[in-house]
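Here's the structure we're looking at; comments come further down.
Here, each number is a calculation from the coordinates, and none is a lab measurement. Treat the numbers as computed from the prediction; the structure is a model and nothing was measured. All Cβ positions, even for glycine, are placed from backbone atoms using ideal geometry, and neighbour counts span all protein chains on display.
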Amino acid sequence: MTAERNTERNTEPFTEPHADAYLWAEASDATEPDATVPLIDPRTGRIRGSSPVARGPRVAAAVRAARRAFDGWRARTPRERSRALDRLAGLIEEHADAYVALERAGTGKPAHEAAGEVANAADLFRFYAWAARTQPAPAAGGFVAGHESWVRWEPLGVAGVVVPWNYPLMMATWRCAPALAAGNSVVVKPAETTPDSLLLLAEHAGEALGEAVLQTLPGDRETGRLLVASAVDMVAFTGSAEAGADVAARAGTRRVSLELGGNSPVVVLPDAPEDTWSELALATTYNAGQSCAVPARVITLRENYESAVSLLADAMGERRAGRDFGPHNNPDQMGRYDLLMASSTAVVMATGESAPGTGEEDGFWRPTCVLADLPDDDPAVLDEVFGPLLTVQAADSVEEAVALANEVPQALAASVWTRDVAAGLDLAARLNAGEAWLNCHLVQTAELPHGGRGSSGHGTDLSTLALHAYQRPKTIKARLTLTPRFR
């Protein structure tokens, strides 16, 4: 690593959270002293500040404030909610530099990644500002003689949202924007390590939407459990499969939307485009591979296997930690990644150039890696890796490649790479995934839905379809004449 890169990586100012963004009702509602947790810059491993940890009284106060705010927010017309959400999008764009700095402080993302995600968050709020006024028309008609019927889509109430550390602002926006557009109030709990940008979002939401319509409740895992168990009307959770199962159990009969872990298969046929390997390396190292939908398992035909391993290793070797992608988010995640690497029985392990640091004193950096000649039940194949790593498997036929792709319990995303568009579309349809790409990966837009299957969860993010995750239908029937039916 060059001295120039080291300077860029280590001299950005550490960022304290915005204390005035804790929209937690009146102070008298909280009776216990505030605990705090240290915040660590993953680029350096150094403490950069601290964040409060909400416990029972704080959580209850936030939910009560959201309940009071809900009545006024749901009473607004779609036009009024749309204008408020559009104003929030404008505030994000107006303060984009501040959001980028806060995202980088907690995640260590390169500036170009953070800037793109902040822009996407603003765009998504603007999309749902439009969607608030374009909900599907309610069903109506004379289904019963002498009566007229309607179906109203109504908000659920208070949505409890728990989001992870890999995309703090963007994952919160995926959940909060449709919930708000549907007329709900929201209490969002960011990850323990990345509260920064969501505190600023709550501050701007108070200005654009009104007090307590969108609140940020910083804390640890226990804070999230308390929020799920509180008097919220539904829970939207993004995280691991194990944590998602716990959330579902705690939520009981309430509505739950879960976007859980992924382990995306990538089926590469011999006639794949020339840029397949560089595109896969780019997608795999985005956010240091810490994405549920990131490419994970390359599956190619045996005749193309050795060439695929070599080309992929070359492409991944061109991607440099500290220049092209950031560090792991925290020591626990880096330790999990290292343990998975150590437990793999892969014969071939091609690693990229050494990363900037190798321990907590230097930040949480790891280089790219390609694992090959490994069994189909290897831990690196079965588990979500969440790092800048790809495995490569060989199949004797296209049918076997599909079987390998579908044999893991996760089913969030997948991609197919071939110049034969018809064959590629057929394969994409046969892969068990909520989202599949052809000759690209991680290409997403607000207009199209995203969601998992199997252990990757259920529910819909993005698109107007996501509105229904935060609504429920009510049927209304009216008798058209008051003439008594019985004499």
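Structure summary
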item: Surface/4 estimate of mean projected area, convex hull on alpha-carbon atoms of the range 192-252, nm²; result: 4.6 nm²
item: Computed label-point distance, nm, for sites residue 443 and residue 152 using a 7 Å Cα→Cβ extension; result: 4.3 nm
item: Table column - 3J(HN,Hα) (Hz), the range 312-321, Karplus curve with 6.51, -1.76, 1.60, x for Gly and Pro; result: 5, 4, 5, 5, 5, x, 6, 8, 10, 5
item: Inter-centroid distance (Cα atoms) of the range 145-176 relative to the range 414-487, Å; result: 14 Å
item: Other-chain or far-sequence residues with amide H under 5 Å of residue 321's (modelled H); result: 368
item: Long-range Cα-Cα pairs in the range 337-487 (distance over 23 Å), rounded percent; result: 56 percent
item: Cβ-derived FRET efficiency at R0 30 Å, residue 111 paired with residue 86, nearest 0.05; result: 0.70
item: Computed Kirkwood radius, in angstrom, where 1/r is averaged over Cα pairs of the range 147-272; result: 15.7 Å
item: Kirkwood hydrodynamic radius (C-alpha pairs) into Stokes-Einstein, the range 255-346, 4 °C and 1.567 mPa s, D in µm²/s; result: 87 µm²/s
item: Bins of 5 Å, starting at 0 and running to the largest distance - Cα pair percent for the range 78-138; result: 4, 21, 23, 17, 13, 10, 7, 4, 1, 0
item: Calculated [θ] (222 nm, deg cm²/dmol) that DSSP helices of n ≥ 4 give over the chain, each run adding -39,500 (n - 2.57); result: -12000 deg cm²/dmol
item: Cross-link partners of residue 189 among lysines (Cα-Cα below 29 Å; sequence separation of 8 or more within a chain); result: 109
item: For the chain, diffusion coefficient by Stokes-Einstein and Kirkwood Rh (Cα), 20 °C, 1.002 mPa s, µm²/s; result: 91 µm²/s
item: Relative counts (whole %) of C-alpha pair distances in the range 264-438, using bins that are 5 Å wide; result: 1, 9, 19, 23, 21, 14, 7, 3, 1, 0, 0
item: HN-Hα J in Hz across the range 375-392 - Karplus 6.51, -1.76, 1.60, θ = phi - 60°, x for Gly and Pro; result: x, 5, 9, 5, x, 5, 8, 7, 9, 6, 6, 6, x, x, 9, 10, 9, 10
